Amino acid sequence: MRGKIIESQTLKSVCRQFGTFALVGLTGTALHYSLLYLLVEFGGVGPLVASGCGALIGLLVNYFLNHGLTFKSDQSHYRAFPKFVLIASIGLAINLALMALLVNRLQIYYMLAQVLVTGVVLVWNFLANRFWTFRMDSSGEGNFSGSAMDGNWRDRITPLFRMGMALLALVLLIRLITLPFYPLIDPSESRYAEMARKMLETGVWVTPQISYGVPFWGKPPLAVWLNAITLGIFGVNEFAARLSALFLCTGSVWIVYRLALGRGEKAQAFVAPAILAGMTLFFVMAGSVAMDQCLNLGVTLALGSFWQALRKGRRFYGYLFFIGLSIGIMAKGPIALVIAGIPIGLWSLIRNEWKVLWQRLPWVSGTLLMLAITLPWFLIAELRTPGFLEYFFIGEHWNRFTVKGWRGDLYGSGRAHTKGTIWLYWMLAALPWSPLFLAQVFQAFWRKKAAMLLHCSDGWRLYCLLWMLSPLIFFTFSANIIWTYVLPALPGCALLLAEWRRDDRIGWFSNDRIAFCVAALVPLLFLGLVIVWQFVPFQFLRTQKSLVSQYLELRKGSGGKLLYLGDSPYSGQFYTSGKAGALPNVEAFQAAIANPDQIYFACPKKSWPDLSEAIKSRLQPVGSHNGFLLLYRSSRLQGE
């Protein structure tokens, strides 16, 4: 009987809370819908972006009202808000994904779509906050002073738990909401986005195309496949082009979390992924169109699975190891084998673990699995586009690595640097943590206690160090490098820093608040730059979005393609949906001007003074954008 009374009281409490939660939700929803309508109807913002902004404001209002009114929580915002941010980020992702599906894919009116999506997100928010963020104690009231959590356990883990989870949620939330708010950058980001768009448009999925009918032999297509899928689901826009990168980086963060979880207390597990997510290069790549994120996921999965296979002895992890290598190969080729093989080989050599290495991994069946995943595409690609294998293996891998300033690159030029530059790139890529890392290493050597940094009975810290050093060692001898080559080193660096943090070897880093502020520096700085961009676009960015926007507004369905003097930037091709062309020289430029159906042209500002007066007299500059002039064939104005 008593149980039924308690159950009845609990049900009433839940119903009462849900009613209050619904009223609070109506308040947040009113703000959400108002902002959505104002941005779409008067601000010229697309429904997807406007919906994301409205959802963010509504969720923030919901937090403060639910904290003080619905659940009457007596815990500090410092404790409750990180959990709420995580719930909010998931709710925001649900909102954006469903809006993109309903509006862009199913062509449902945006206000009706938002009503349906709001219902889903409302249920998610209530359940998640009711049973986790503001979890009830045994009395049924909304505070945390009772026995819902053991005091000693709570006091022992919540500082680290709060810091790691809050930072991780903040970084992912910032990365998610900023994806559509800045343009694709030339040449690399826009190139890969345009290849995905061409793949979706033409239906040619075997080999990506750098231009219509021209195959791209530089890399395998896995990353382009993923980009094409997101473009197909969410539409051709910056958000969709970058979304797969965020998914891939989130996967890497999850693997790091699972590895850290096996090293000690659960609260410690959030530290390593939070450090990784806030590193400069990792944060940048989580919202950039490239292929390195796919390689990084494959290498991280391979190295993480290798460790789990050795320590847990389960063949499942052995097969995951080979699947990780397959992902890396399908992302950027056999370089994945090298980057994963260096730390495994050196660690086994130093620790004399060769016997365990042979016994714990399914080398024969795993290798067959890897070949079954990767080999068919390479063979089909060579059959479809003969010459691919020679260029890919000899040119892209051997010549790019050994020949300084290699000129055989079909899609650009080799980026020659002084050998060893990769270490400077690591210092930049790992900011704000690289100075701290180097300071600890220097201090340990100064005190002649360097071995203590790697002191660990099972060799885990040595493994993390070798993981970090692997791409740095390999690319030290490379004649052509870019800073994204550092990306596979960052998970190992984050895991090692987390180990040092657990031992309190890093002085001020032991203070959670200081560490949180330092770790949030890069994401918050990036958020500030994106906000500034909305009001003052940076003219130094290499992008054609603003020029193409003016061209499309003036063109209004006529006037032919947008023709560029010289190379056609990939962002111009992307934003015109393939309707941008290139005129290789002045003669071709002059011939195109004589075509009465061709109205609009684009010319680099630096080339404009060198054009003849006869050409200039036929063209009227109507816009200046990021180093290019938008030109209108002025004779059209004179009645031609």
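The values are calculated or read from the model by the stated rules, or taken from the named source; none is laboratory data. These figures come from a predicted structure and were not determined experimentally. As a convention, Cβ positions derive from the backbone with ideal geometry for all residues, glycine included, and neighbour counts pool all protein chains shown. Surface accessibility is based on the protein's heavy atoms, side chains included, excluding ligands, DNA and RNA. Shrake-Rupley method; radii C 1.70, N 1.55, O 1.52, S 1.80 Å.
Test VAL24 against the stated conditions and say whether it is in a helix (DSSP H, G or I), among the hydrophobic types (A, V, I, L, M, F, W, C), within 22 Å of VAL121 (Cα to Cα) and modelled with pLDDT under 75. Against the criterion (in a helix (DSSP H, G or I), among the hydrophobic types (A, V, I, L, M, F, W, C), within 22 Å of VAL121 (Cα to Cα) and modelled with pLDDT under 75), VAL24 does not qualify.
Just one of (1) open to solvent by less than 10 Å² (accessible area, probe 1.4 Å); (2) at pLDDT below 70; (3) aromatic (Phe, Trp, Tyr) trips up TYR63, so point out which. Tallying (1) open to solvent by less than 10 Å² (accessible area, probe 1.4 Å); (2) at pLDDT below 70; (3) aromatic (Phe, Trp, Tyr), TYR63 fails exactly one: (2).
Annotation note: of TYR463, TYR425, the sole residue that is under 16 Å from ALA272 (Cα atoms), surrounded by 19 or more Cβ atoms within 10 Å (Cβ to Cβ) and in contact with a helix residue (DSSP H, G or I) (Cβ under 7 Å, 6 or more places away or on another chain) is TYR463. Checked against (1) modelled with pLDDT under 90; (2) open to solvent by 10 Å² or more (accessible area, probe 1.4 Å); (3) not basic (Lys, Arg), ASN480 passes all but a single condition, namely (2). ILE350 - would you say it is within 27 Å of TRP217 (Cβ to Cβ) and either hydrophobic (A, V, I, L, M, F, W, C) or touching a His at 6+ places or on another chain (Cβ under 8 Å) (or both)? No. Scanning the stretch 558-587 for residues that are hydrophobic (A, V, I, L, M, F, W, C) and either under 14 Å from ILE210 (Cα atoms) or in contact with a helix residue (DSSP H, G or I) (Cβ under 6 Å, 6 or more places away or on another chain) (or both) turns up LEU562, LEU563, LEU565, PHE574, ALA580, ALA582, LEU583. What tally of residues in the stretch 285-307 results from selecting those that are part of a helix (DSSP H, G or I) and touching a residue at least 24 places away in the same chain (Cβ under 8 Å)? Looking only at that region, the number is 16. For the stretch 583-593, the candidate set comprises residues that are open to solvent by 70 Å² or more (accessible area, probe 1.4 Å) and free of Cβ contacts under 8 Å to residues at least 24 places away in the same chain; within that set, the residue that is farthest from LEU563 (Cα to Cα) is GLU587. When you look at VAL204, is it in a loop (DSSP other than H, G, I, E, B), among the β-branched types (Val, Ile, Thr), surrounded by fewer than 23 Cβ atoms within 10 Å (Cβ to Cβ) and at pLDDT 75 or above, yes or no? Yes, satisfied. When GLY578, GLY560, GLY566 are checked against the criterion of being among the small types (Gly, Ala, Ser) and either touching a residue at least 60 places away in the same chain (Cβ under 8 Å) or open to solvent by 40 Å² or more (accessible area, probe 1.4 Å) (or both), a single residue qualifies: GLY578. For the stretch 602-626, a tally of residues being open to solvent by less than 10 Å² (accessible area, probe 1.4 Å) and either under 16 Å from SER549 (Cβ atoms) or basic (Lys, Arg) (or both) returns 1. The set of residues from the stretch 184-233 being among the polar types (S, T, N, Q) and within 17 Å of ALA381 (Cα to Cα) comprises THR202, THR207, GLN209, SER211. Looking only at the stretch 70-90, residues that are open to solvent by 40 Å² or more (accessible area, probe 1.4 Å), at pLDDT below 75 and part of a helix (DSSP H, G or I) come to 4 in all. Within the stretch 368-422, if we keep just the residues that are open to solvent by 50 Å² or more (accessible area, probe 1.4 Å) and of a type in the set (Asp, Glu), the residue that is modelled with the lowest pLDDT turns out to be GLU390.
Residues checked against (1) closer than 26 Å to ASP458 by Cβ; (2) under 25 Å from the mean Cα position of the chain (by Cα):
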{"residue": "ILE275", "(1), (2)": "yes, yes"}
{"residue": "MET279", "(1), (2)": "yes, yes"}
{"residue": "LEU303", "(1), (2)": "yes, yes"}
{"residue": "PHE306", "(1), (2)": "yes, yes"}
{"residue": "GLY313", "(1), (2)": "yes, no"}
{"residue": "GLY328", "(1), (2)": "yes, yes"}
{"residue": "ILE335", "(1), (2)": "no, yes"}
{"residue": "LEU361", "(1), (2)": "yes, no"}
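On the given criteria, is ARG197 outside any loop (DSSP other than H, G, I, E, B), modelled with pLDDT under 90 and open to solvent by less than 20 Å² (accessible area, probe 1.4 Å)? It is false that ARG197 is outside any loop (DSSP other than H, G, I, E, B), modelled with pLDDT under 90 and open to solvent by less than 20 Å² (accessible area, probe 1.4 Å). For the stretch 211-230, a residue qualifies if it is touching a Gly at 6+ places or on another chain (Cβ under 8 Å) and either within 19 Å of LEU389 (Cα to Cα) or buried (at least 23 other Cβ atoms within 10 Å of the Cβ) (or both), and the qualifying residues are TRP217, LYS219, PRO220. When the test is whether a residue is in a helix (DSSP H, G or I), within 22 Å of GLU189 (Cβ to Cβ) and either open to solvent by 10 Å² or more (accessible area, probe 1.4 Å) or β-branched (Val, Ile, Thr) (or both), LEU276 does not pass it. Exactly one residue out of ILE177, ILE233 is open to solvent by 40 Å² or more (accessible area, probe 1.4 Å) and either outside any helix (DSSP H, G or I) or modelled with pLDDT under 90 (or both): that is ILE233. Outside any strand (DSSP E or B) and over 28 Å from LEU303 (Cα atoms): does that describe GLY218? Against the criterion (outside any strand (DSSP E or B) and over 28 Å from LEU303 (Cα atoms)), GLY218 does not qualify.
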